[in-house]
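Asker: Could you have a look at this structure, given as structure tokens, before my questions?
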Amino acid sequence: MPSNDIKRTELSALGEFGLIDHLTASLKYKQDSTQTGVGDDAAVIDMGDKYLLLSTDLLLEGIQFDLTYTPLRHLGYKAVVTSISDIYAMNGTPTQITIGIGISKRFSVEMLDELYDGIRLACDTYNVDLVGGDTTSSLTGLTISTSAVGFVDKKKVAYRSGAKENDLICVSGNLGAAFMGLQILEREKRVFAGNTNVQPQLEGFDYILQRQLKPEAQKDIIDLLSELGIQPTSMIDLSDGLASDTLQICKSSKVGARIYLDKMPIASETFRAGEEMNFDPAVAALNGGEDYELLFTVPIELHEQLKNLAGIDVIGHITSESAGTFLVTPDGGEIPLQAQGWDSQE
Ligand code: ADP
Ligand code: MG
């Protein structure tokens with residue numbers, strides 16, 4: 001038994017972001033080249049003429065993925081995409097990744113070949129080199145750790161911290177599709193386990209299933225912004241959901257925000273799945289996560305240029321910090337944006 005005078009604080013008391021703050025608050029950076037450390041989508045390292053970007057992601061079986069319905073090929077692809085998405089979120093170009101895997105004896109060589117087929121395909125698609133990693137046995141399941149490296153011109157780097165009052169809040173693509181795809185897959189799993197009477201029904205949901213199982217990173221949006229000469233004042237990739245990720249930008253930039261519910265882009269298939277699953281697609285868009293779209297802010301002067309751009313929607317604007325962070329409903333109601341809670345597992 002632990003002695004009574006040993007202090008024990010439950011992880012749930014801090015939550016994910018509180019825990020990261022707690023663990024990293026007293027870090028002192030010793031290297032002049034450490035431009036930005038903890039707190040953005042990637043660390044920023046000064047290489048003289050450019051910035052090097054560095055980001056790490058961890059995927060655990062049973063937490064981030066479920067192999068009951070996730071093809072290993074897609075999982076390999078997704079592992080690369082989630083990793084390089086953080087490099088794009090800094091307005092950078094990913095160039096290399098390393099991959100660590102922990103594997104239990106449940107896995108065969110053929111299964112890992114499939115995983116690596118997906119990894120190779122993503123590396124080819126995004127012009128990234130896999131340059132190393134680590135392999136170790138695990139007691140249970142599969143663990144995939146990815147680190148991505150990229151570069152960005154110093155004047156182009158986009159931090160979470162640069163949003164200014166009156167800036168427009170923009171988002172690429174559409175929201176909530178990956179989460180709704182996951183709900184369809186979970187339903188399928190319950191049917192398979194035989195503990196529900198609902199019939200399996202995947203037909204007609206190709207798009208949202210793809211958004212969940214084999215997402216893409218937003219290289220095209222970064223290229224488009226660069227072609228148009230648009231420099232985002234702040235940017236983040238949408239991994240945790242619009243609400244949580246908007247709050248990250250607001251916290252880093254010390255600003256508030258108003259997001260308009262009826263401006264959030266939601267695909268028709270996401271609506272249809274929501275109807276079928278009895279789940280509000282707006283909640284999926286706000287809290288679902290895993291969209292891997294880009295959320296960014298630009299000066300209001302760019303409104304004319306942005307409003308007709310395909311693939312980008314203006315969904316709100318930045319306010320003063322004291323004005324708070326709200327979702328505005330069509331009837332003018334204001335709902336405070338809230339980050340989804342994070343559960344550490346038993
Ligand atoms: P993202 O969702 O973009 O991957 P996270 O929310 O996971 O970002 O992380 C937020 C910030 O905290 C990032 O800068 C990340 O590098 C840092 N971070 C996360 N976990 C740790 C950790 N265990 N130790 C140090 N830094 C961490
Ligand atoms: Mg990110």
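Read-outs throughout are calculated quantities, based only on the coordinates presented, and are distinct from any laboratory measurement. Here the structure is a predicted model, which is why all the values come from computation and not from measurement. When we count neighbours, we look across all protein chains shown, and the Cβ atoms used for this are built from the backbone with ideal geometry, even at glycine.
Asker: Can you order the peptides 146-155, 303-312, 59-68 by their average number of other Cβ atoms within 10 Å per residue, highest first?
Answerer: The packing order, highest mean first, is 146-155, 59-68, 303-312.
Asker: Between M111, L121, G92, whose Cα lies farthest towards the positive end of the dipole of the stretch 1-139 when Lys and Arg beta carbons carry +1 and Asp and Glu beta carbons carry -1, centred on the Cα centre?
Answerer: The listed residue farthest towards the positive side: M111.
Asker: For D46 and K30 in one chain, what is 0.36 nm times their gap in residues minus the Cα-Cα distance, to one decimal in nm? Kindly include the intermediate steps, with their values, before the conclusion.
Answerer: Details: separation 16, 0.36 × 16 = 5.76 nm, distance 1.32 nm.
Once the chain is fully extended between D46 and K30, it gains 4.4 nm.
Asker: Please list, in chain and number order, the residues 5+ apart from Q35 or on another chain whose amide H is under 5 Å from its amide H, with Hs placed from the backbone.
Answerer: V44, I45, D46
Asker: Name the GluC sites (Glu not before Pro) in the stretch 145-237 that are in a loop by DSSP and that have at most 12 other C-beta atoms within 10 Å, would you?
Answerer: On the way: sites: E165, E186, E188, E203, E216, E227; in loops: E165, E203, E216.
Taking the stretch 145-237 and a limit of 12 other Cβ atoms within 10 Å, the loop GluC sites (Glu not before Pro) found are E203.
Asker: With θ taken as phi - 60° and the coefficients 6.51, -1.76 and 1.60, list the Karplus ³J(HN,Hα) couplings across the stretch 42-47 in order, rounded to whole Hz; mark glycine and proline as x.
Answerer: With coefficients 6.51, -1.76 and 1.60, one gets 9, 6, 10, 10, 6, 9 Hz.
Asker: Using modelled backbone amide H atoms (1.01 Å from N, in-plane), which distant-in-sequence or interchain residues come within less than 5 Å of F326's amide H?
Answerer: For F326, the qualifying residues are A257, R258, I259, L337.
Asker: Okay, moving on. Quick one: 3J(HN,Hα) in Hz for the stretch 172-188, Karplus 6.51/-1.76/1.60 with θ = phi - 60°, rounded, Gly and Pro as x.
Answerer: Along the stretch 172-188, the couplings run 8, x, 9, 10, x, 5, 5, 5, 5, x, 5, 5, 5, 5, 5, 5, 4 Hz.
Asker: In terms of the Cα gyration tensor, with a ≥ b ≥ c the square roots of its eigenvalues, is the stretch 1-86 rounded because a/c is under 1.5, prolate because a/b exceeds b/c, or oblate? Could you put the intermediate results ahead of the total?
Answerer: Values: a/c = 3.38, a/b = 1.05, b/c = 3.22.
Since a/c reaches 1.5 but b/c is at least a/b, the shape of the stretch 1-86 is classed as oblate.
Asker: Would you compute, from DSSP H runs of 4+ residues alone, the mean residue ellipticity of the chain at 222 nm, taking -39500 (n - 2.57) per run and dividing by the full residue count, rounded to the nearest 500? Please list the in-between numbers first.
Answerer: Numbers: 10 runs with 111 residues, N = 346.
Roughly -9500 deg cm²/dmol at 222 nm, from the helical runs in the chain.
Asker: Something else: Taking the Cα centre as origin and putting +1 on Lys and Arg beta-carbons and -1 on Asp and Glu beta-carbons, what dipole magnitude results for the chain, to the nearest 20 debye?
Answerer: On the way: 27 positive and 50 negative charges, 123 e Å.
Charge dipole, the chain, about its Cα centre: 600 debye, nearest 20.
Asker: With each label point set 7 Å from Cα along the Cα-Cβ vector, what nm distance links K307 and L224?
Answerer: 1.7
Asker: Would you mind checking K156/K254; K28/K155; K7/K189; K28/K263; K189/K251; K105/K219 for any pair whose Cα atoms are more than 30 angstrom apart? Don't jump to the answer; show the numbers that get you there.
Answerer: Working: K156/K254 21 Å; K28/K155 25 Å; K7/K189 41 Å; K28/K263 42 Å; K189/K251 38 Å; K105/K219 36 Å.
Long pairs (Cα-Cα over 30 Å): K7/K189; K28/K263; K189/K251; K105/K219.
Asker: What FRET efficiency comes out for Q210 versus D280 if R0 is 22 angstrom and r is the Cβ-Cβ distance? Round to the nearest 0.05.
Answerer: 0.50
Asker: Tell me which residues come under 5 Å, amide H to amide H, from D41 once H is placed; ignore anything under 5 positions away on its chain.
Answerer: Under 5 Å from the amide H of D41: R160.
Asker: Apply the Karplus parameterisation 6.51 cos²θ - 1.76 cosθ + 1.60, with θ equal to phi minus 60°, to every residue of the stretch 312-329 and state each ³J(HN,Hα) to the nearest whole Hz, in sequence, with x for glycine and proline.
Answerer: With coefficients 6.51, -1.76 and 1.60, one gets 9, 10, 8, 10, x, 8, 8, 10, 6, 4, 5, 7, x, 10, 9, 9, 9, 7 Hz.
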